[in-house]
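Colleague: Mind looking over this structure? Questions follow.
The values are calculated or read from the model by the stated rules, or taken from the named source; none is laboratory data. Because the structure is a prediction, the values reported are computed rather than measured. Note that we place each Cβ from the backbone using ideal geometry, even for glycine, and neighbour counts take in every protein chain shown. Ligands, DNA and RNA are excluded from the accessible area calculation, which covers all protein heavy atoms including side chains. Shrake-Rupley method; radii C 1.70, N 1.55, O 1.52, S 1.80 Å.
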Amino acid sequence: MNYKPEGCLFKTAENQKYISTVEGLTEAMEKGIILEARVSVCDSEHNLIIDLPCAYGIIPRESGAIGIAEGKTRDIALISRVNKIVCFKVMKIHAENGRITAELSRSEAQNEFIKEYSDKLEIGDVIDAKVTHLEQFGCFVDIGCGVPSLIPIDAISVSRISHPSDRFRVGQFIKAVVRSRENSRICLTHKELLGTWEENTGYFNAGETVSGIVRSVENYGIFVELAPNLAGLAELRDDIHAGQSVSVYIKAIIPEKMKVKLVIVDVCEDCEVNRDFRYFTDAVHIDEWKYAPECSGREITTVF
């Protein structure tokens, strides 16, 4: 089984084949296949009603997410699924009063994902994830079958941001690295995929004028982000504040001091922020990542 974040399977021909007929649902039940469909209603008892073409689909509250039955997961995890795609396994199919009812379980699909995939992940493994919601302290992602994980804000990029929405958007597909785990709970990091200082400065040259985003204004200068893992320092200007898009002239790139010296040329208030990423590795596992160039004498390293 190639486990994916929720929503990835829904439009596939195979998924549509299984959810479109009672015979398809029956085959999926017998084979234990994980399917996906949209939640149309969360009823007063917090059962999830699933939009199936061939049957009345229902995920009982206790089967709506891992941890619900034990009281470890709050019911907002069910309420928030309305009008969204969820995964499930077919548990029972029966006819009553002329209506075909399919009893489904999302928690069964999630438990299978944990047993067969996430419990086998190792620190340093690079995985796919889907951004689900953003909080001040970090970014929550779906790492498969709706199972959540967190990327803390300080692990999103080297260039500092005030909120994860400065870097991500809900629904975005990204890559991340397994940073730590406690039992089945996994914590992720992202910055190690966005390149070292040298890899990032390799895309820039002194004398160029390029675009950037003001990340902070200090009493000694203005930090302008040129890439998610690279920021330079510009001279102070009274009309500049954090969050502005600007054009900057690159005065110098100094690897020994890990400095990029900038001059702000102009402010571009209406520029669209690009939240797509250039990943600098296609490895499926990372043991160590060194951000600083050797000539700087600085040790900025992540060991997995």
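Colleague: One residue is enough: does region 205-219 have a residue meeting the conditions in contact with a strand residue (DSSP E or B) (Cβ under 9 Å, 6 or more places away or on another chain), without any contact (Cβ under 8 Å) to a residue 12 or more places away in the chain, more than 19 Å from R298 (Cβ to Cβ) and not polar (S, T, N, Q)?
Modeller: yes
Colleague: Tally up the residues in region 174-191 that are modelled with pLDDT under 95 and either in contact with a Gly (Cβ under 6 Å, 6 or more places away or on another chain) or open to solvent by 60 Å² or more (accessible area, probe 1.4 Å) (or both), please.
Modeller: Qualifying residue count, region 174-191: 4.
Colleague: On to the next question. Within region 18-36, track down each residue that is within 18 Å of C145 (Cα to Cα) and of a type outside the set (D, E).
Modeller: Result: Y18, I19, A28, M29, K31, G32, I33, I34, L35.
Colleague: Might you let me know whether region 239-253 holds any residue that is under 26 Å from V217 (Cβ atoms), in contact with a Phe, Trp or Tyr (Cβ under 8 Å, 6 or more places away or on another chain) and not aliphatic (A, V, I, L, M)?
Modeller: No: zero hits.
Colleague: Run down I50, I34 and say which single residue is within 15 Å of V86 (Cβ to Cβ), crowded, with 21+ Cβ neighbours inside 10 Å, modelled with pLDDT of 95 or more and over 24 Å from the mean Cα position of the chain (by Cα). Show your work before the answer.
Modeller: Values: I34 fails: over 24 Å from the mean Cα position of the chain (by Cα).
It is I50.
Colleague: Another question, if that's okay. Read through the list (1) closer than 14 Å to L226 by Cα; (2) open to solvent by less than 60 Å² (accessible area, probe 1.4 Å); (3) in contact (Cβ under 8 Å) with a residue 40 or more places away in the chain, then give the number of the only condition that T281 fails.
Modeller: (1)
Colleague: Report, by residue number, each residue of region 103-130 that is in contact with a Cys (Cβ under 8 Å, 6 or more places away or on another chain) and crowded, with 22+ Cβ neighbours inside 10 Å.
Modeller: R106, A109, Q110, F113 - these are the residues of region 103-130 that are in contact with a Cys (Cβ under 8 Å, 6 or more places away or on another chain) and crowded, with 22+ Cβ neighbours inside 10 Å.
Colleague: Go through region 162-173 and give me each residue that's crowded, with 20+ Cβ neighbours inside 10 Å and touching a residue at least 40 places away in the same chain (Cβ under 8 Å).
Modeller: D166, R167, F168, listed by residue number.
Colleague: Let me ask something else. Answer yes if at least one residue in region 264-276 is charged (D, E, K, R) and open to solvent by less than 70 Å² (accessible area, probe 1.4 Å), and no otherwise.
Modeller: Yes, there is a match, as at least one residue in region 264-276 is charged (D, E, K, R) and open to solvent by less than 70 Å² (accessible area, probe 1.4 Å).
Colleague: Where residues in region 53-97 are closer than 14 Å to C145 by Cα, β-branched (V, I, T) and crowded, with 21+ Cβ neighbours inside 10 Å, which of them is farthest from the chain's Cα centre (by Cα)?
Modeller: I66
Colleague: Looking at region 146-156, can you tell me whether even one residue there is over 22 Å from E6 (Cβ atoms) and either modelled with pLDDT under 95 or of a type outside the set (A, V, I, L, M) (or both)?
Modeller: yes
Residues checked against (1) over 30 Å from L188 (Cα atoms); (2) touching a helix residue (DSSP H, G or I) at 6+ places or on another chain (Cβ under 9 Å):
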site	(1), (2)
G221	yes, no
A231	no, no
R237	yes, no
G243	no, yes
S247	yes, no
A252	yes, no
V267	yes, no
G297	no, yes
F304	no, yes
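Colleague: If you scan region 239-248, which residues turn out to be over 28 Å from the mean Cα position of the chain (by Cα), closer than 10 Å to G212 by Cα and not β-branched (V, I, T)?
Modeller: Once the filter is applied, which keeps residues that are over 28 Å from the mean Cα position of the chain (by Cα), closer than 10 Å to G212 by Cα and not β-branched (V, I, T), region 239-248 yields only S247.
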